[in-house]
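Take a look at the structure set out below.
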Amino acid sequence: MQLLFARSYSITIGHLIIRKESVVEMLKISEFSKLSGVSVKALRFYNSLKLLEPAAIDPANGYRYYTQKQLLTVKRITAFKEHGFTLDQIKHFLEEHPIPDVKLKLVDKKKELERSILEAQQQLNEINNRITRVEEADNRQQETPITVRSVQPQLMASIRDIVPRTHLCLLLDELTRYVNSYGEDEGRDLTILWYDHDNSDTDQADLEVALPLTKAIPSSGRVNVGLMPGLKAAASLVHLCNPYDSSCLAADQLVSWISSQGYVRSSKEPIRETYLTSDKDIYGKMRLAELLIPLELG
């Protein structure tokens, strides 16, 4: 249903003033919603913010009515929203303000969008890096499960302690924070040296956690910095493991393989386990790791 709204106005011809009435066609809110493409709920919300108020409200039933001229205001609001402006900012643009003031508001919005674009680009770069690391991890997992390889000496920072096995993550966190304090980046491969790997009956473990370094940093009472010895030969198994699990089936698998191939396990070097994925690259509970058991060379 449409309402006809009479509006009076006057024109002057010579010395005569002639009064006329124009008829303005009014639209119910549902009709105005269809024409404008804006939901009734949104129109009511605009009204509550005094962003777009009805041209008339029927006092008898409270029905809201709009004019076709108000479609221009709706189009302006929609355009500003598409540009990322908030409704409070849009309200400012619908009011009368000097051009320099409007320009400042637009420049502020431009800077805000540029910051958002920069942040989004940084996030996109990190996602691309994550994809690359996932692909690399998948390729490593598809390689021959067990091999024999050498290990080069490496400058490391490490902490050795006898602790409950459940405290492993605490040691890793302590070491990571220490090397980060000297400018070493996160995401380096964490290595665990198990000095009593076969003694799994007790909760206590003699172990050393180590991180590779790009430069020499000071040692401390807890952290030792030095060259970790290389290995001339070690049996290697790349596998998925749960870092929170106290037992590792991969070790039994690797020990059995060593025996079946006629190799002799070295008693001079501890078993090494290197996490090939950083903490932030763990998806689920499993992470890619390499288990290294040193071998005796005849």
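The values are calculated or read from the model by the stated rules, or taken from the named source; none is laboratory data. Keep in mind that what you see is a predicted model, and the values were worked out from it rather than measured. With ideal geometry, Cβ positions are generated from the backbone for all residues, glycine too; neighbour counts draw on all protein chains shown. Note: accessible area is taken over every heavy atom of the protein model, side chains too, but ligands, DNA and RNA are not part of it. Shrake-Rupley method; radii C 1.70, N 1.55, O 1.52, S 1.80 Å.
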> Name the residues in the range 70-80 that are open to solvent by less than 70 Å² (accessible area, probe 1.4 Å) and among the aliphatic types (A, V, I, L, M), would you?
Replying inline: LEU71, VAL74, ILE77, ALA79
>> Take ALA289 and tell me if it is out of contact with any helix residue (DSSP H, G or I) (no Cβ under 6 Å at 6 or more places or on another chain) and modelled with pLDDT of 80 or more.
In response: yes
>> Out of the strands (runs of 3 or more DSSP E) lying entirely within the range 155-240, which hold 2 or more residues that are open to solvent by 70 Å² or more (accessible area, probe 1.4 Å) and not charged (D, E, K, R)?
In response: 224-228
> Does any residue in the range 83-94 that is under 10 Å from TYR46 (Cβ atoms) come within less than 8 Å, Cβ to Cβ, of a residue that is in a loop (DSSP other than H, G, I, E, B) and open to solvent by 30 Å² or more (accessible area, probe 1.4 Å) six or more places away or on a different chain, and which pairs are these?
Replying inline: LEU87/LEU49; LYS91/LEU49; LYS91/LYS50
> Is there a residue being among the hydroxyl-bearing types (Ser, Thr, Tyr), touching a strand residue (DSSP E or B) at 6+ places or on another chain (Cβ under 9 Å) and either closer than 14 Å to SER33 by Cα or in contact (Cβ under 8 Å) with a residue 40 or more places away in the chain (or both) anywhere in the range 68-79?
Replying inline: no
> If you take the residues of the range 119-165 that are among the polar types (S, T, N, Q) and over 30 Å from LEU297 (Cα atoms), which of them is modelled with the lowest pLDDT?
Replying inline: THR132
> Of everything in the range 49-67 that's under 10 Å from PHE32 (Cβ atoms) and aromatic (Phe, Trp, Tyr), which residue is surrounded by the fewest Cβ atoms within 10 Å (Cβ to Cβ)?
Replying inline: TYR65
>> For the range 81-137, which positions are open to solvent by 100 Å² or more (accessible area, probe 1.4 Å) and among the β-branched types (Val, Ile, Thr)?
In response: ILE99, ILE117
